[in-house]
Amino acid sequence: ASAVKILLYDGQGFWLCQKRLSQGHFAWWPRDQAAARFLQGHQLQVLLAGGDPEAAGGAPLWRPVPPAA
């Protein structure tokens with residue numbers, strides 16, 4: 001519960017990001033066996049700031065940026 005890995009597809013390829021806490025742990029870590037979760041962009045932002053991503057409802061969903069012409 002002290003590290004999170006994020007796999008993100010941006011339309012061209014995948015990004016793999018990892019954040020490891022030097023002290024403590026993520027308070028809202030999943031308690032069941034299936035630790036993988038699908039998160040919206042705003043939920044990830046809340047999780048990385050130490051909040052509960054499930055309680056982050058009501059935030060606007062991120063939309064993909066259209067390709068440059």
Which condition number in (1) at positive phi; (2) in contact with a Phe, Trp or Tyr (Cβ under 8 Å, 6 or more places away or on another chain); (3) at pLDDT 75 or above is the one that Asp52 fails? (1)
The one condition Gln45 fails out of (1) under 21 Å from Tyr9 (Cβ atoms); (2) assigned to a loop (DSSP other than H, G, I, E, B); (3) modelled with pLDDT of 75 or more; (4) open to solvent by 100 Å² or more (accessible area, probe 1.4 Å) is (2)
Looking only at segment 16-27, decide whether some residue is outside any loop (DSSP other than H, G, I, E, B), basic (Lys, Arg), open to solvent by 100 Å² or more (accessible area, probe 1.4 Å) and at pLDDT 75 or above. yes
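The values are calculated or read from the model by the stated rules, or taken from the named source; none is laboratory data. This structure is a prediction, so every number in the text was calculated from the model and none was measured. Glycine gets a Cβ as well: all are built from the backbone with ideal geometry, and neighbour counts include every protein chain shown. We work out accessible area using only protein heavy atoms, side chains counted, and drop any ligands, DNA or RNA first. Shrake-Rupley method; radii C 1.70, N 1.55, O 1.52, S 1.80 Å.
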